[in-house]
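Visitor: Sharing a structure below in structure tokens format, with a few things to ask.
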Amino acid sequence: MNRFERIPLAAGEAEIRYLDGDYRIVRPGGFVRCAVTGVPIPLDELKYWNVERQEAYATPEAVLRRFHSDRGMG
């Protein structure tokens, strides 16, 4: 890569502000990480998050794992 080439903004991890039913991109990127599994979630596939905890989740199972760990069940 020479000094005139730039890394695409969508290549890195985004910073997101999670809202009720929507989210706001604070720092552009192509993905966020699941708070439970750590796997990258492409922004166009992001469906599950927690507004209070400001966390994203990759799958419904990850949501349940976080829910149960908060309740001391897992």
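The values are calculated or read from the model by the stated rules, or taken from the named source; none is laboratory data. For clarity, every value in this text was computed on a predicted model and none was experimentally measured. Every residue, glycine among them, receives a Cβ derived from its backbone with ideal geometry; neighbour counts consider all protein chains shown.
Visitor: Is it fair to say VAL32 is loosely packed, with under 12 Cβ neighbours inside 10 Å and part of a strand (DSSP E or B)?
Guide: No.
Visitor: Within the set of pairs 6+ apart or on separate chains, which have a first residue in the stretch 14-33 that is free of Cβ contacts under 8 Å to residues at least 60 places away in the same chain, a second that is assigned to a strand (DSSP E or B) and polar (S, T, N, Q), and C-beta atoms under 8 Å apart?
Guide: Sorted first by the residue in the stretch 14-33, then by its partner, the pairs are TYR18/ASN50.
Visitor: Oh, and also: Kindly provide the set of residues from the stretch 35-53 that are of a type in the set (D, E, K, R) and assigned to a helix (DSSP H, G or I), ordered by number.
Guide: The answer is ASP44, GLU45.
Visitor: Taking the stretch 22-37, which residues are of a type in the set (D, E, K, R) and within 15 Å of ALA11 (Cβ to Cβ)?
Guide: Correct list: ARG27, ARG33.
Visitor: Okay, next question. Just to be sure I understand, how many residues within the stretch 35-53 are surrounded by 11 or more Cβ atoms within 10 Å (Cβ to Cβ) and small (Gly, Ala, Ser)?
Guide: Count: 1.
Visitor: Note down all Cβ pairs under 9 Å where the first residue falls in the stretch 42-54 and is closer than 13 Å to ARG66 by Cα, the second is among the charged types (D, E, K, R), and they're at least six residues apart or on different chains.
Guide: TRP49/GLU55; ASN50/ARG66; ARG53/ARG66; ARG53/ASP70; GLN54/ARG17
Visitor: Quick one: how many residues across the stretch 1-29 are modelled with pLDDT of 95 or more and not in a loop (DSSP other than H, G, I, E, B)?
Guide: Counting residues in the stretch 1-29 that are modelled with pLDDT of 95 or more and not in a loop (DSSP other than H, G, I, E, B) gives 12.
Visitor: Could you list, in sequence order, all residues of the stretch 54-74 that are assigned to a loop (DSSP other than H, G, I, E, B) and surrounded by 12 or more Cβ atoms within 10 Å (Cβ to Cβ)?
Guide: GLN54, ALA58, THR59
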